[in-house]
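Structure record follows, encoded as structure tokens.
The values are calculated or read from the model by the stated rules, or taken from the named source; none is laboratory data. Model, not experiment: these values are computed from the prediction. With ideal geometry, Cβ positions are generated from the backbone for all residues, glycine too; neighbour counts draw on all protein chains shown.
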Amino acid sequence: MTKNKILKWQIIAVLFSLVLGTLLHFTYEWSGENNFVASFSAANESVWEHLKLVFFPILLFAIIEYLFLKSDTKHYFVAKLAAILTAMSFITIFFYTYTGILGKSYFVLDIASFIISILLAEWVAYQIMLKPGQSDKMINVVSISLIIILALWFVLFTYYPPKIPLFQDPITKQYGISL
């Protein structure tokens, strides 16, 4: 039963993240370019801002999902950190690899990488949650801390991004947004 329950929640996580991540691509513009909304939405077309489209949906659903799965897995927070890092890594590596080979970006490939990153992320989380063993309090604390640090970086780097290509909007050539 536990395996099926976890699988069911991971399927819901995929659907939730795909829908919310898609909406977060537009919420900054829809909000009239509200600075608060920029903290968790794509505020420009940089790769960094697009990583918010996987990070925040996975994080939000993880908080909800934990209420239902906390007694069914001993590795929940490690699983969700691994999911987040998997999604972010896949998008970044895929984007720079294919644009390096093809010389430019393609909308269809960007959408495909978003979908694949969510599927991979939740598959990784599922595999980790199924692992037997005892929960390690220190590993959970470290995992939660790293997720919080990532969330803070997303907010901070929206307004104060490093001047490297990951943070540069390829259309405007600007970095981040102004407060």
Quiz item: Among the listed residues Phe114, Phe95, Phe90, which satisfies the condition of being in contact with an Asp or Glu (Cβ under 9 Å, 6 or more places away or on another chain), under 19 Å from Leu166 (Cβ atoms) and part of a helix (DSSP H, G or I)?
Solution: Phe95
Practice problem: Write out, first by first residue and then by second, each pair whose Cβ atoms fall under 6 Å of each other, whose residues are 6+ apart or on separate chains, and whose first residue, in the stretch 141-152, is farther than 19 Å from Lys52 by Cβ while the second is among the aliphatic types (A, V, I, L, M). | Solution: Ser143/Val78; Ser143/Leu81
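Here's the yes/no breakdown for (1) surrounded by fewer than 16 Cβ atoms within 10 Å (Cβ to Cβ); (2) modelled with pLDDT under 95:
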position	(1), (2)
Lys3	yes, yes
Val14	no, no
Gly21	no, no
Glu45	no, yes
Lys70	yes, yes
Phe90	no, no
Quiz item: Taking the stretch 61-86, which residues are closer than 30 Å to Phe107 by Cβ and in contact with a helix residue (DSSP H, G or I) (Cβ under 7 Å, 6 or more places away or on another chain)?
Solution: Phe61, Ala62, Lys80, Leu81, Ala82, Ala83, Ile84, Thr86
Quiz item: Is at least one residue of the stretch 158-169 loosely packed, with under 11 Cβ neighbours inside 10 Å and in a loop (DSSP other than H, G, I, E, B)?
Solution: yes
